[in-house]
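Below is one structure, written out as structure tokens; comments come after it.
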Ligand code: MOS
């Protein structure tokens, strides 16, 4: 893979500090010219191509594969099945921690979901491997598929998400419901959705002696390296995972998935480098999805519209062989004040691949149901939906009783409503029309996502020429990590962004944790910031302790790094360049490390969340029910914004996904076979540009001294929350028809 040369930021957008500037993404030119190397672009001498054969049944056993026919096809080098798959040091079904998902690595002849890999054909060309896979003509012993939320065997999981309690409550919900002036009880259903990153999961795997190099898109380089080390019985140091760019991940690339590891096994089997790229339809099974949910909301208010009880119950589905339970009810812990709140979850097991984190896991599914129910409750109270939300504003986190570390949601409501023109909304539905006679609806939703911190490490170096190097194995999945982290790195060293080299996207750099949970900028950014501060402190000591320096005697706290120089704080005219300090000390470079992790004290004392308010306009054809989202305004408070241009882009992506959640996306499962019937981008409706409304994303100033050193809360996932509910509520307001089965489709409006 070529050394990355990122273009420099345009000069006109830089002034003063790097953080907070709307720099254009530094990898933009590489991407638009096609020069950015993605995993499948990796070229290795002697490369073979591997293609998966996948199960067409949901449950049963593979009884026969025509391996001989596949092997006889010209160009086919080998066929990997449970018979000849190289031994692994670890059982793919082992689970020693909740982040370790069970994998299908040809361990036996069992089929436990449609599209499960059942063989791998390896050939000189992609075409030969594809043809060879088709010749396997599998035969099965088939058992009936279990599909859908009405599958028998409902149970209460102990935890949802990763380690969240499945049940929580405060106050007496039943008493609150019984004594209420107004009540709403409604059930909402959300379908299975698939991540559908533009770039399919792909891997190029290459063994050289006892070393393994893989090019594969990863949201968690060190975890991928660790999983490979465990499965192959290797020292992690002998495994290099490279992932400079991802063509989208959205959670599906947080953990290395089974098909990627099958690519490594194919390389091991053949003793040659192997490339394996998933076909689009093969992504509907072994690489995770958003689980379907059926959510029942029970709400009650007193005569003034103040909530007295809120119960959020979720029924979801997981696979038959592993645990991931979509934590959809958890959003009710945080969003609205009520003297009684209860959240609960149940699940069934179906013959699907194991569901997984998918952008705004829990909050995306939970938010569309809760925000719809809040809208229904406001209507029952005869109140404007914004007035109702302000009436029930949570000043402290209702369930935990903790204060928020910061919460500028009121300001989000104010700025968003004003910008949108919310005051022009009719209280009653089906009252507004445009010049063409289309029904116009306004709806809103509250957005929220936790401000999390995981763990990350970084290294900062100042070289003798006064320039800097910062290393952290961060992940750019399209969100702009190459740029935002370079901005943090440059500021941490007091250098211009062009005077530093930012190295990322490889597992041989300091472990930057995971690009997930909207926590990457917060976590790795803090580690980078600390590494930079540590190396500057080292530099300061070299200067302030040396009588030959103009900074002598100032002390570490008495100097400040700016523009490649240390200055005395009390007399900024007295300064010295980094280069001069290192030169006098006779050092080629100095380096220091930085680390960041969850701060249990802060997490124990405060509820930490980003917030937002989204306002949507839709237009609906009164005769045919055709729905268009025409305008979305979101106002978000997410702490410090490192790069407003990239953040706006992230928020737009989330808001578009909200439109998609409300109106488009649906993996349609045939309950007789358990198979997804629309496993392709033609029939699984992802928004195209023509579907995207006029968008505006406002970031509201928010200073948070508790979340982390930088005050960053993260924006990766919050955009989808609130937005989906806002669109759904706008459809109700346009038509007077409340659709509770998502996505909202025209047949449900005119039925
Ligand atoms: Mo996100 S679902 O943590 O990539």
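Take residue 335 and tell me if it is away from the ligand (no atom under 16 Å from the Cβ) and buried (at least 24 other Cβ atoms within 10 Å of the Cβ). Considered against the rule, which asks whether it is away from the ligand (no atom under 16 Å from the Cβ) and buried (at least 24 other Cβ atoms within 10 Å of the Cβ), residue 335 comes out as yes.
Scan the range 353-363 and give yes if some residue there is away from the ligand (no atom under 16 Å from the Cβ) and either free of Cβ contacts under 8 Å to residues at least 40 places away in the same chain or in a helix (DSSP H, G or I) (or both), otherwise no. Looking for residues that are away from the ligand (no atom under 16 Å from the Cβ) and either free of Cβ contacts under 8 Å to residues at least 40 places away in the same chain or in a helix (DSSP H, G or I) (or both), one finds none in the range 353-363, hence no.
On inspection, residue 366 does not qualify as surrounded by 17 or more Cβ atoms within 10 Å (Cβ to Cβ), in a strand (DSSP E or B) and touching a residue at least 60 places away in the same chain (Cβ under 8 Å).
Is there a residue being away from the ligand (no atom under 16 Å from the Cβ), within 26 Å of the chain's Cα centre (by Cα) and within 30 Å of residue 208 (Cα to Cα) anywhere in the range 293-312? No, every residue in the range 293-312 fails to be away from the ligand (no atom under 16 Å from the Cβ), within 26 Å of the chain's Cα centre (by Cα) and within 30 Å of residue 208 (Cα to Cα). Cβ separations smaller than 8 Å between residues 6+ apart or across chains give the following pairs from the range 413-435 residues that are assigned by TED's automatic domain parsing to the domain that holds residue 375 and touching a residue at least 24 places away in the same chain (Cβ under 8 Å) to residues that are in a helix (DSSP H, G or I) and surrounded by fewer than 17 Cβ atoms within 10 Å (Cβ to Cβ): 413/390; 417/423.
Applying the set (1) modelled with pLDDT of 95 or more; (2) under 30 Å from residue 241 (Cβ atoms); (3) not in a helix (DSSP H, G or I) to residue 535 leaves exactly one unmet item: (3).
Could you check the range 466-521 and list, in sequence order, the residues that are away from the ligand (no atom under 16 Å from the Cβ), in a loop (DSSP other than H, G, I, E, B) and at negative phi? Within the range 466-521, 467, 472, 473, 495, 496, 504, 507, 508, 509, 510, 511 qualify. Applying the criterion of at least 1 residues that are in contact (Cβ under 8 Å) with a residue 12 or more places away in the chain, closer than 30 Å to residue 344 by Cα and away from the ligand (no atom under 16 Å from the Cβ) to the helices (runs of 4 or more DSSP H) found wholly in the range 169-272 leaves 173-178.
Specify the residue that is surrounded by the fewest Cβ atoms within 10 Å (Cβ to Cβ); the eligible residues are those in the range 637-658 that are part of a helix (DSSP H, G or I) and over 18 Å from the mean Cα position of the chain (by Cα). Ranking the candidates gives 644 first.
Out of all the residues in the range 238-256, is one or more surrounded by fewer than 19 Cβ atoms within 10 Å (Cβ to Cβ) and touching a strand residue (DSSP E or B) at 6+ places or on another chain (Cβ under 8 Å)? There is at least one residue in the range 238-256 that is surrounded by fewer than 19 Cβ atoms within 10 Å (Cβ to Cβ) and touching a strand residue (DSSP E or B) at 6+ places or on another chain (Cβ under 8 Å). Flag set for residue 734, criterion: assigned to a helix (DSSP H, G or I), at negative phi, in contact (Cβ under 8 Å) with a residue 40 or more places away in the chain and more than 16 Å from the ligand (Cβ to nearest atom). Scanning the range 287-331 for residues that are assigned to a loop (DSSP other than H, G, I, E, B), touching a helix residue (DSSP H, G or I) at 6+ places or on another chain (Cβ under 7 Å) and surrounded by fewer than 24 Cβ atoms within 10 Å (Cβ to Cβ) yields a count of 2. Apart from one condition, residue 369 fits all of (1) farther than 23 Å from residue 443 by Cα; (2) away from the ligand (no atom under 16 Å from the Cβ); the exception is (1).
Among the residues of the range 439-447, are any modelled with pLDDT of 95 or more, within 16 Å of the ligand (Cβ to nearest atom) and either under 23 Å from residue 719 (Cβ atoms) or in a loop (DSSP other than H, G, I, E, B) (or both)? Scanning the range 439-447, I find at least one residue that is modelled with pLDDT of 95 or more, within 16 Å of the ligand (Cβ to nearest atom) and either under 23 Å from residue 719 (Cβ atoms) or in a loop (DSSP other than H, G, I, E, B) (or both), so the answer is yes.
Within the range 391-404, the presence of at least one residue that is touching a helix residue (DSSP H, G or I) at 6+ places or on another chain (Cβ under 6 Å) and farther than 28 Å from residue 430 by Cα is confirmed. Within the range 388-411, does at least one residue satisfy the condition of being modelled with pLDDT of 95 or more, in contact with a strand residue (DSSP E or B) (Cβ under 7 Å, 6 or more places away or on another chain) and more than 30 Å from residue 166 (Cα to Cα)? Yes, because at least one residue in the range 388-411 is modelled with pLDDT of 95 or more, in contact with a strand residue (DSSP E or B) (Cβ under 7 Å, 6 or more places away or on another chain) and more than 30 Å from residue 166 (Cα to Cα).
Of all residues in the range 544-571, those satisfying the criterion of being in a loop (DSSP other than H, G, I, E, B) and touching a strand residue (DSSP E or B) at 6+ places or on another chain (Cβ under 8 Å) are 549, 550, 551, 554, 564, 569.
Criterion applied to 604, 612, 555 was being within 29 Å of residue 515 (Cβ to Cβ) and either buried (at least 24 other Cβ atoms within 10 Å of the Cβ) or touching a helix residue (DSSP H, G or I) at 6+ places or on another chain (Cβ under 8 Å) (or both), and the one residue passing it is 612.
The values are calculated or read from the model by the stated rules, or taken from the named source; none is laboratory data. Because the structure is a prediction, the values reported are computed rather than measured. Ideal geometry is used to build each Cβ from the backbone, glycine not excepted, and the neighbour counts take in all protein chains shown.
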